[in-house]
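Report on one structure; see the data block that follows.
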């Protein structure tokens, strides 16, 4: 009796597993035509498709790396990361030995965009760089409802990154909205500036007994007084 019960439980779990696996396979659309552009949500126009296919073909020929864009109407309640990972495996992007494929996924109804990267390109296209690419090349267009521009601009940026990884000469122009992104340059500039100021103050008090600081404060006081007088004069004229 116990044996029969265990067999029944095993059968149920196996059925659930196979059903989910089959469901995932059914959800990810089978590729049609050139692998580089799988636009099942009909977002791209003919000229945009042609341009991306040309870029994808060039990259594939020169490096055996493949970048594909996949647009779907819905993720069918599947997490976007799982959907992208499944599609990546189904499409067998890139050289299977090097695992150097890249998938750009966009779901129309879910309004979700995701980039899946093969392990062979993880050093260049890590989570941080992928996040920045989406923030600076995709999201500004998506916020304005310019879906095709978001996809093509992001695809081109990915092309440039992979081309640089394989030291290819070809590059394409992209639009980058890097507000809020400075890779820490402004932060380091501020730190260096504060360090110099504090060093000057220390040396001033250590060897000159604060003469530089006192002179600077006097000059600032004179400037502030002059500005104050001008403000008072302007108000009195009004």
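With respect to residue 93, determine if the residue is without any contact (Cβ under 8 Å) to a residue 60 or more places away in the chain and over 16 Å from residue 160 (Cβ atoms).
When the stated conditions are applied, residue 93 passes them.
Tell me, yes or no, whether region 122-129 has at least one residue that is in contact (Cβ under 8 Å) with a residue 12 or more places away in the chain, in contact with a helix residue (DSSP H, G or I) (Cβ under 7 Å, 6 or more places away or on another chain) and farther than 26 Å from residue 170 by Cβ.
No, region 122-129 contains no residue that is in contact (Cβ under 8 Å) with a residue 12 or more places away in the chain, in contact with a helix residue (DSSP H, G or I) (Cβ under 7 Å, 6 or more places away or on another chain) and farther than 26 Å from residue 170 by Cβ.
Return the only residue of 185, 156, 170 being modelled with pLDDT of 80 or more, surrounded by fewer than 16 Cβ atoms within 10 Å (Cβ to Cβ) and closer than 28 Å to residue 123 by Cα.
170 is the lone residue from the list that is modelled with pLDDT of 80 or more, surrounded by fewer than 16 Cβ atoms within 10 Å (Cβ to Cβ) and closer than 28 Å to residue 123 by Cα.
For region 72-94, name all the residues that are surrounded by fewer than 16 Cβ atoms within 10 Å (Cβ to Cβ) and in contact with a strand residue (DSSP E or B) (Cβ under 8 Å, 6 or more places away or on another chain).
73, 74, 81, 92
Under 8 Å between Cβ atoms, which residue pairs at least 6 apart in sequence (or on different chains) link something in region 213-237 that is within 19 Å of residue 200 (Cβ to Cβ) with a partner that is part of a helix (DSSP H, G or I) and modelled with pLDDT under 80?
That search, which allows pairs on different chains as well, returns 213/204; 213/205.
Quick one: residue 110 ticks every box in (1) within 24 Å of residue 47 (Cβ to Cβ); (2) surrounded by 16 or more Cβ atoms within 10 Å (Cβ to Cβ) bar one, so which box is it?
Looking at each condition in turn, residue 110 falls short on (1).
Pick from region 28-41 the residues that are surrounded by fewer than 17 Cβ atoms within 10 Å (Cβ to Cβ) and in contact (Cβ under 8 Å) with a residue 12 or more places away in the chain: which of them is farthest from residue 108 (Cα to Cα)?
Here the residue is 34.
The values are calculated or read from the model by the stated rules, or taken from the named source; none is laboratory data. The structure presented is a predicted model; accordingly, all values stated were derived computationally and were not measured. Note that each Cβ is placed from the backbone with ideal geometry, even for glycine, and that neighbours are counted across all protein chains shown.
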